[in-house]
1. Go through (1) in contact with a helix residue (DSSP H, G or I) (Cβ under 8 Å, 6 or more places away or on another chain); (2) within 23 Å of residue 133 (Cβ to Cβ); (3) not small (Gly, Ala, Ser) one by one and return the number of the condition residue 81 breaks.
2. Output the residues belonging to the range 34-50 that are among the aliphatic types (A, V, I, L, M) and in contact with a strand residue (DSSP E or B) (Cβ under 8 Å, 6 or more places away or on another chain).
3. Of all the residues that make up the range 107-138, how many are in contact with a strand residue (DSSP E or B) (Cβ under 7 Å, 6 or more places away or on another chain) and farther than 19 Å from residue 26 by Cβ?
4. Got at least one residue in the range 126-146 being loosely packed, with under 14 Cβ neighbours inside 10 Å and modelled with pLDDT under 95?
5. Residue by residue through the range 101-121, note down the ones that are more than 22 Å from residue 193 (Cβ to Cβ) and buried (at least 23 other Cβ atoms within 10 Å of the Cβ).
6. Just wondering, is there one or more residues in the range 170-188 that are surrounded by 17 or more Cβ atoms within 10 Å (Cβ to Cβ) and modelled with pLDDT under 90?
7. What do you reckon, is residue 200 modelled with pLDDT of 95 or more, surrounded by 18 or more Cβ atoms within 10 Å (Cβ to Cβ), more than 16 Å from residue 115 (Cα to Cα) and not aromatic (Phe, Trp, Tyr)?
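The values are calculated or read from the model by the stated rules, or taken from the named source; none is laboratory data. These numbers come from a predicted model, not from an experiment. Cβ coordinates were reconstructed from backbone atoms using ideal geometry, including for glycine residues, and neighbour counts include every protein chain displayed.
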Amino acid sequence: MAVTSTEFWDRIAPGYSKQPVADSESYARKLATTQALMRPDMQVLEFGCGTGSTALEHAPHVTHIVATDVSAAMIGIAREKADHAGIDNVSFKQSGVEDFNAADGSFDMVLALNLLHLLPDRAAALAKVHQLLKPGGIFISSTVCLADRMWFLRPVIPLMQWIGKAPYVNFLKADDVMGEIATAGFEQQEHWTHGRANSLFLVCRKT
C-alpha cells in the first residue's frame with residue numbers, strides 16, 4: 001500500500017544519512033556558488049534539509065539557518081550531526097513548506113534543494129518562498145527534471161509509490177520550472193543542469 005512522503009522519508013532516514021554524495025563535483029559547485037552569495041549577517045531558511053549536511057556546510061558563512069524537513073527522523077539525525085560538530089547557529093525544525101510559519105520578509109536567502117519535484121503544489125510553495133524573502137532576497141533551488149531525459153520512468157514511479165519504494169514525484173522539464181519560478185516573481189541570475197536526471201540548479205532574486 002502507498003505510504004505518505006513523510007512516512008517514506010522517515011523510514012529511509014538512517015540509510016539515507018550514510019549514503020555518499022552521488023555527484024560530489026556538482027555538489028561542491030553548488031556549495032561554492034551558494035556560499036559566494038552569503039554574508040555573515042544573513043538569515044537563511046532551508047526547506048527539505050534532509051539530515052542537515054548542507055545546512056551545516058553553510059553555517060559558518062551566515063548568522064543563522066532555519067532548516068526544515070517533513071521527516072522527524074531526518075531532523076533527529078540532523079540535530080545529532082549539529083551537536084557532534086558543535087554547530088549552534090542552525091535550528092532544525094520538522095515542517096513542510098505549506099505549514100511553515102514566519103513573518104513576511106524574514107529571510108535573506110531561501111534554499112530548496114532537491115525539493116520542488118517532490119511537492120504536489122509548486123505554485124503555493126514558490127509563493128511561500130517569495131513571501132518569506134526580503135526584497136531582493138536570494139532563492140536557490142535544485143530540481144530533478146525527469147521529463148527531460150528519463151521520461152521512460154513515468155509508468156514505473158507510480159508502481160514504486162504503491163509498494164512504498166518511492167515518494168510523491170513530479171515529472172518536470174527544466175524550462176517549465178524556470179517559467180514557474182519567473183511567474184512567482186523571481187529574476188533568474190544563474191542556472192545550469194547536471195546528471196542523468198537533468199537536475200536544474202537555479203539562482204534567482206525576489207523582484
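1. Status for residue 81: all satisfied but (2).
2. Answer for the range 34-50, where residues must be among the aliphatic types (A, V, I, L, M) and in contact with a strand residue (DSSP E or B) (Cβ under 8 Å, 6 or more places away or on another chain): 37, 38, 42, 44, 45.
3. 13
4. no
5. Result: 107, single match.
6. Yes, the range 170-188 contains a residue that is surrounded by 17 or more Cβ atoms within 10 Å (Cβ to Cβ) and modelled with pLDDT under 90.
7. Spelling it out, it is not the case that residue 200 is modelled with pLDDT of 95 or more, surrounded by 18 or more Cβ atoms within 10 Å (Cβ to Cβ), more than 16 Å from residue 115 (Cα to Cα) and not aromatic (Phe, Trp, Tyr).
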